[in-house]
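One structure is given here, and the rest of the page talks about it.
The values are calculated or read from the model by the stated rules, or taken from the named source; none is laboratory data. Treat the numbers as computed from the prediction; the structure is a model and nothing was measured. Here the Cβ is made from the backbone with ideal geometry for all residues, glycine too, and neighbour counts use every protein chain on show.
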Amino acid sequence: MRPGITTILEKNSPPMWFYAGDRFHYEKLPEGTRVIYPPGPSEPLAEPGVAIERALLEPIEMEPLHELLTPGMKLTIAFDDLSIPLPPMQKPDVRQLVIEKVLEKAAARGVEDIHLIAALGLHRRMTEAELRHCLGNRIMSRYYPDRLYNYDAEEPDGNVIIGETDLGEEVSVSRRVAESDLLVYVNVNFIPMDGGHKSVHTGLAPYSSIRHHHTPKMLANTRSLMDPPNSAMHASINRMGRIFDEHVKVFHIESTLNNQTYPSVFDFMAKPEYQWNMVTRANFLATHRATQTMPLEAARRISHSINAPHRMTSVHAGATEPVHAETLADNYRQMVIPAEGQSDVLLLGIPYLGPYNVNSIMNPILVFNMLLGYLFNLYKGKPLVREGGVLIGTHPMPANFNKVHHPSYIDLWNEVFPETNDVHEIHRRYEEKYANDPWYRTLYRNSYAYHGAHPFTVLYWAAHALDHLGGVILVGGDPENTKRMGLGRADTVADALQMAQDTVGPNPSTTYMHIPPLFLCEVT
């Protein structure tokens, strides 16, 4: 574990800033509040190209990549879609660096039947511009669009059933992948939740498979999404992966990135407030004032224009499970910091960006997912907030939706939430209807819409948090929208802390997990 920085606020401590969507919240916290800051960025690899070459020549528990490549073979290269990393990387993206090396080796061995697939699963298709940002001009000009394309979970005859686990979970994948002599999967492991067997069985699998491991019951038993050994979801995916590996040869390439998340003008995000110099404070105040006064759409455009100076910190290749074990160890070395004891109340700022609103809008369902699915789960072992405690987030939660990206979200919001916000009831009554709706299927395949089942899966990620917590309060949230989602609301953090005492009692212990950048806590 890395040390990180933990401080206990004193009476004269400066105000803290919180992300509140595309804007910022800035408020003084009570004396005695524990503030946990992220660790600084890990040292990047000095020569990423050399490290990639070494990983391909010296893979873990597999032959070197060039020995697996033969003339006449069918080679498929799949890669993570735009949902990670966040924000998107500055060019060149690590996927471009890795895939260019793989293609060089394939060309040298006379391999011609090569397809590249963006592993979307139930996510929206990537645009040509987004693919170009990820892979670069050289790959795009040679392969797009005939041999470089988005995975299609609804393509007739485009997916095939591989088998079934001993618990009756259907293992289906892309037909092109299933019929390939070799699948090379290129991962960006931004957080410990990603990678391993999950890459194929969420990215290259249709709804008929994904529905088994994305249920309220499964995710309620996932004790942390960031701690795969304690995740029922990952256990289901791993069962599928072992069936898949009996039928398809997979060469997995996984890389990790440091948390150098924002350009220097936004360095206030990664520095404790008491370490700010005059330039840092001026940068924050200018950003704060600008986003508070400009129209929301303008603030959103600025936010989504940021590309992160992430740097590669490790790369491993070879067999899926041993490669992922090394990747997880690298993730944990970078991200996990110790925290002494759980708190009665946990405070979190909700950023403008999550994996499902890149170049888009964070709608109320995605705000719910971000707070109770992603941010609550930023721990290894046990949550930072005690059982029965209160989670407080900051976000205005307007009922704004991207009509192209999130059509099934809009209908779920307008048709289902007025009736119920119980995730188990929503799963039972509505999921299959939305998943099989022909209009959502058409928009997923031919426009840039998330699959009809996708808003259900993101709701279910909150299942464990909903079981664990005694209350959830959104600071600054729209009163009607927070009520519809089943959340409490307050105008200020001070008001929210006062409300929390109705649940946890007087004088609660309070922790503010100061993100971004992202990190994990291991409670001791």
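When you go through Thr510, Thr524, Thr492, Thr503 one by one, which is the residue that is among the hydroxyl-bearing types (Ser, Thr, Tyr), buried (at least 21 other Cβ atoms within 10 Å of the Cβ) and in contact (Cβ under 8 Å) with a residue 12 or more places away in the chain? The unique qualifying residue is Thr510.
Take the stretch 166-181 and flag every residue that is more than 24 Å from Asn377 (Cβ to Cβ) and surrounded by fewer than 20 Cβ atoms within 10 Å (Cβ to Cβ).
Scanning the stretch 166-181 gives Asp166, Gly168, Glu170, Arg175, Ala178, Glu179, Asp181.
Checked against (1) within 30 Å of Glu164 (Cβ to Cβ); (2) among the aliphatic types (A, V, I, L, M); (3) not in a loop (DSSP other than H, G, I, E, B), Val248 meets all criteria but (3).
When Ile210 is tested against (1) of a type in the set (A, V, I, L, M, F, W, C); (2) at pLDDT 95 or above; (3) over 28 Å from Glu432 (Cα atoms), exactly one condition is not met: (3). Picking from Ala329, Ala270, Ala339, which residue would you name as being free of Cβ contacts under 8 Å to residues at least 12 places away in the same chain and of a type in the set (Gly, Ala, Ser)? Residue meeting the stated conditions: Ala329. Of everything listed in (1) surrounded by fewer than 15 Cβ atoms within 10 Å (Cβ to Cβ); (2) outside any helix (DSSP H, G or I); (3) on the phi < 0 side of the Ramachandran plot, the single unmet condition for Arg54 is (2).
Residues of the stretch 84-98 include none that is over 29 Å from the mean Cα position of the chain (by Cα) and in a helix (DSSP H, G or I).
Among the residues of the stretch 19-51, those that are of a type in the set (Val, Ile, Thr) and either assigned to a strand (DSSP E or B) or under 21 Å from the mean Cα position of the chain (by Cα) (or both) comprise Val35, Ile36. Comparison of Gly393, Gly381 shows that the only residue that is in contact (Cβ under 8 Å) with a residue 60 or more places away in the chain, among the small types (Gly, Ala, Ser) and surrounded by fewer than 18 Cβ atoms within 10 Å (Cβ to Cβ) is Gly381.
Taken across the stretch 498-512, residues that are under 27 Å from Phe268 (Cβ atoms) and in contact with a helix residue (DSSP H, G or I) (Cβ under 6 Å, 6 or more places away or on another chain) do not occur at all.
Would you pick out the residues in the stretch 275-290 that are among the β-branched types (Val, Ile, Thr), modelled with pLDDT of 90 or more and surrounded by 15 or more Cβ atoms within 10 Å (Cβ to Cβ)? Within the stretch 275-290, Thr280 is the sole residue that qualifies.
To keep it simple, each residue is scored yes or no on (1) crowded, with 20+ Cβ neighbours inside 10 Å; (2) more than 19 Å from Asn187 (Cα to Cα); (3) touching a residue at least 24 places away in the same chain (Cβ under 8 Å).
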position	(1), (2), (3)
Ala106	yes, no, yes
Gly110	no, yes, yes
Ile114	yes, no, yes
His123	yes, no, yes
Met126	yes, no, yes
Glu130	no, no, yes
Ile139	yes, no, yes
Arg147	no, yes, yes
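Looking across the stretch 1-37, the residues that are farther than 27 Å from Arg333 by Cβ, in contact (Cβ under 8 Å) with a residue 40 or more places away in the chain and among the aliphatic types (A, V, I, L, M) come down to Met16, Ala20, Leu29.
Cβ separations smaller than 6 Å between residues 6+ apart or across chains give the following pairs from the stretch 49-63 residues that are more than 14 Å from Met312 (Cβ to Cβ) to residues that are aliphatic (A, V, I, L, M) and in a helix (DSSP H, G or I): Leu56/Leu65; Ile60/Val323.
Within the stretch 100-158, count every residue that is small (Gly, Ala, Ser) and either over 20 Å from Val173 (Cα atoms) or over 21 Å from the mean Cα position of the chain (by Cα) (or both).
First, the residues of the stretch 100-158 that are small (Gly, Ala, Ser): 106-108, 110, 118-119, 121, 129, 136, 141, 153, 158.
Retained after the next criterion (residues that are either over 20 Å from Val173 (Cα atoms) or over 21 Å from the mean Cα position of the chain (by Cα) (or both)): 106-108, 110, 129, 136, 141, 158.
Qualifying residue count for the region: 8.
Criterion applied to Thr320, Thr222, Thr293, Thr215 was being closer than 30 Å to Leu68 by Cα, hydroxyl-bearing (Ser, Thr, Tyr) and either out of contact with any strand residue (DSSP E or B) (no Cβ under 8 Å at 6 or more places or on another chain) or crowded, with 20+ Cβ neighbours inside 10 Å (or both), and the one residue passing it is Thr320. Scanning the stretch 513-524 for residues that are out of contact with any helix residue (DSSP H, G or I) (no Cβ under 9 Å at 6 or more places or on another chain) and of a type in the set (A, V, I, L, M) returns a single hit, Val523. All of (1) under 30 Å from Ala494 (Cβ atoms); (2) polar (S, T, N, Q); (3) in a loop (DSSP other than H, G, I, E, B); (4) in contact with a strand residue (DSSP E or B) (Cβ under 9 Å, 6 or more places away or on another chain) hold for Asn12 with one exception: (4). Restricted to the stretch 446-518, the set of strands (runs of 3 or more DSSP E) holding at least 2 residues that are touching a strand residue (DSSP E or B) at 6+ places or on another chain (Cβ under 8 Å) and among the hydroxyl-bearing types (Ser, Thr, Tyr) comprises 510-513. Just wondering, is there one or more residues in the stretch 248-264 that are basic (Lys, Arg), surrounded by fewer than 20 Cβ atoms within 10 Å (Cβ to Cβ), closer than 30 Å to Ala319 by Cα and at pLDDT 95 or above? Yes, the stretch 248-264 has at least one match.
Kindly check whether there is at least one residue in the stretch 276-295 that is part of a helix (DSSP H, G or I) and closer than 26 Å to Ala462 by Cα. Scanning the stretch 276-295, I find no residue that is part of a helix (DSSP H, G or I) and closer than 26 Å to Ala462 by Cα, so the answer is no.
Considering only residues in the stretch 401-421 that are in contact (Cβ under 8 Å) with a residue 40 or more places away in the chain and assigned to a loop (DSSP other than H, G, I, E, B), the one that is farthest from the chain's Cα centre (by Cα) turns out to be Pro418.
Taking the numbered list (1) within 30 Å of Pro438 (Cα to Cα); (2) out of contact with any Phe, Trp or Tyr (no Cβ under 7 Å at 6 or more places or on another chain); (3) touching a residue at least 24 places away in the same chain (Cβ under 8 Å) in turn, Pro216 passes all entries but (2). Only one entry of Val423, Val390 meets the criterion of being at pLDDT 95 or above, over 18 Å from Arg484 (Cβ atoms) and not acidic (Asp, Glu), and that entry is Val390.
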